[in-house]
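The values are calculated or read from the model by the stated rules, or taken from the named source; none is laboratory data. Given the structure is predicted, the values throughout are model-derived calculations rather than measurements. All Cβ positions, even for glycine, are placed from backbone atoms using ideal geometry, and neighbour counts span all protein chains on display.
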Amino acid sequence: MSRSANFPIGSNPAQFTKGNGNDGVIVSLSPTAASLFGGTFLGGNNEDRISNLSISSTNEIVVIGSTSSPNFPLQQPMYPTYNGGLSDAFITRYNQNLSTVLFSTYFGGTNDDNGNTISFDSQNNIIFGGTTNSNNIPTLNEIYKNNRGGNDVFLAKILPNRTLDFSTYI
């Protein structure tokens, strides 16, 4: 996360300019950390925080976090609307040098939703989770369809074709 408009992100980022407030920052370094392979800002006009990232078997990079930006940069979103509360979770997938957003979507309900953890499984499906006090996050093939009180955990899976395989409260 950075407030710096001149953070070193390389010459071909997916998002060259920083929005207002704090924006997420992702960089890819050489194995010896001697050179910058790529980098990008990620965010809109409000607060945007990256919590975790994962790298696929094809070297694509996926990040998860939380945003309060109604203009968060989306690409082929599954859920194109910021739903409110203090934040919505987001999931953003990049090519290996961080120059292209492959997809980016909100994930959340009308209260506070935070994306905390993300990984790829062996078929390059995205498994992710976080916390929510919303009563209306997207659910599918769920164990629990409703928030069970206060801050609950959610767990979900997105297939490579950007469709939700399952999403549940826990």
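Just name the residue that is nearest to the chain's Cα centre (by Cα) out of those in segment 96-119 that are among the hydroxyl-bearing types (Ser, Thr, Tyr) and not in a strand (DSSP E or B).
Applying the filter and picking the extreme gives Thr100.
Being of a type outside the set (Val, Ile, Thr) and outside any loop (DSSP other than H, G, I, E, B) is the filter here; which residues of segment 149-170 pass it?
Within segment 149-170, Asp152, Phe154, Leu155, Ala156, Lys157, Leu164, Asp165, Phe166, Ser167, Tyr169 qualify.
I'm checking my understanding of the structure. Among residues of segment 109-121 that are out of contact with any Gly (no Cβ under 7 Å at 6 or more places or on another chain) and free of Cβ contacts under 8 Å to residues at least 60 places away in the same chain, which one is farthest from Pro80 (Cα to Cα)?
Asp121
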Over segment 65-82, the set of residues assigned to a strand (DSSP E or B) and within 19 Å of Asn22 (Cβ to Cβ) is Gly65, Ser66, Thr67
At least 3 residues that are in contact with a Phe, Trp or Tyr (Cβ under 8 Å, 6 or more places away or on another chain) and within 21 Å of Ser87 (Cβ to Cβ) in each: list the strands (runs of 3 or more DSSP E) lying fully within segment 1-64 that qualify. 24-29
In segment 1-40, which residues are modelled with pLDDT of 85 or more, of a type in the set (S, T, N, Q) and farther than 19 Å from Val101 by Cα? Thr32
Since Asn59 meets every condition but one in (1) touching a strand residue (DSSP E or B) at 6+ places or on another chain (Cβ under 8 Å); (2) at pLDDT below 95, which condition does it not meet? (1)
